[in-house]
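Enquirer: Handing you a structure now.
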Amino acid sequence: MKQQLSELFHRRYACHAFEPGRAVAGADLEFILEAGRLSPSSFGLEHWKFLVVQSPELKQALQAACFQQQQVGSAGAVIVILAKLAELQPDSSYVRKLMEREYPAEQRAQALDNYRSFHAATDVRAWSVSQCHIAAANMMLAATAVGLDSCAIGGFLPDQVKQILDIDPAQYEVALILPVGHCAEKPHEKRRLPLAELVEYR
């Protein structure tokens, strides 16, 4: 398993041009979405919602909102990862439901108090978006595992994306756009800094 995971990490590639018109198999797409669903999240609040865009017209509109990055328009599917906002309010029915799932009854009141204090002290929008990036990483690895490629798109115009997809800005922020499909280009050798430049032990 360790070797298999290592191979997937080395093989994962940020694809910048997909084979246009080539769809993503439903079973593969579900596998990728399931990897996102099973991702860890702060307070167990599952901050994400996944919008799967397969319409050619919508993909082209999203490409325009992503500074014309061609991988958005050519991908077999584009997963728009939305970060929850309103549902993360401490007294929302959503938070209470998930707190009941995560914490035993005798710990729940304290957990909710802790969350209320955290929520008041943090940038909730940025926090929710960062949690969605955890799910995105797992989804990209899952795509690699089924022989597909992906590309994490952080360069987009949020207001335009929300308008195109009719997203309520009070409910969600656009966290990331993830095109998935069959890459039309040959992957280059993975280039990364060595661990010696990145790790410090204390």
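The values are calculated or read from the model by the stated rules, or taken from the named source; none is laboratory data. This structure is a prediction, so every number in the text was calculated from the model and none was measured. Neighbour counts are summed over all protein chains in view; Cβ atoms, including those assigned to glycine, are modelled from backbone coordinates with ideal geometry.
Enquirer: Out of all the residues in the range 53-71, is one or more within 27 Å of F118 (Cβ to Cβ), touching a helix residue (DSSP H, G or I) at 6+ places or on another chain (Cβ under 8 Å) and modelled with pLDDT of 95 or more? Can you show your working first?
Expert: Our first condition is that a residue be within 27 Å of F118 (Cβ to Cβ); within the range 53-71, this holds for none.
No, the range 53-71 has no match at all.
Enquirer: Next question. Residues that are of a type in the set (V, I, T): which helices (runs of 4 or more DSSP H) entirely in the range 1-99 hold 1 or more of them? Working first, answer last.
Expert: On the way: elements: 2-11, 26-37, 56-65, 70-74.
Per the criteria, 26-37, 70-74.
Enquirer: From E185, E173, E189, which residue is acidic (D, E) and in contact with a Pro (Cβ under 8 Å, 6 or more places away or on another chain)? Talk me through it step by step, then tell me what you get.
Expert: Values: E185 fails: in contact with a Pro (Cβ under 8 Å, 6 or more places away or on another chain); E189 fails: in contact with a Pro (Cβ under 8 Å, 6 or more places away or on another chain).
None of the other options fit; the residue is E173.
Yes or no, residue by residue, for (1) without any contact (Cβ under 8 Å) to a residue 60 or more places away in the chain; (2) surrounded by 17 or more Cβ atoms within 10 Å (Cβ to Cβ); (3) of a type outside the set (V, I, T); (4) farther than 25 Å from Q163 by Cα:
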position	(1), (2), (3), (4)
E19	no, no, yes, yes
V24	no, yes, no, yes
A27	yes, no, yes, yes
S41	no, no, yes, yes
E46	yes, yes, yes, no
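Condition check ((1) more than 16 Å from the chain's Cα centre (by Cα); (2) loosely packed, with under 13 Cβ neighbours inside 10 Å) across all residues:
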site	(1), (2)
S93	yes, yes
R101	yes, yes
Q107	yes, yes
Y115	yes, no
A121	yes, yes
A135	no, no
M140	no, no
P158	no, no
V161	no, no
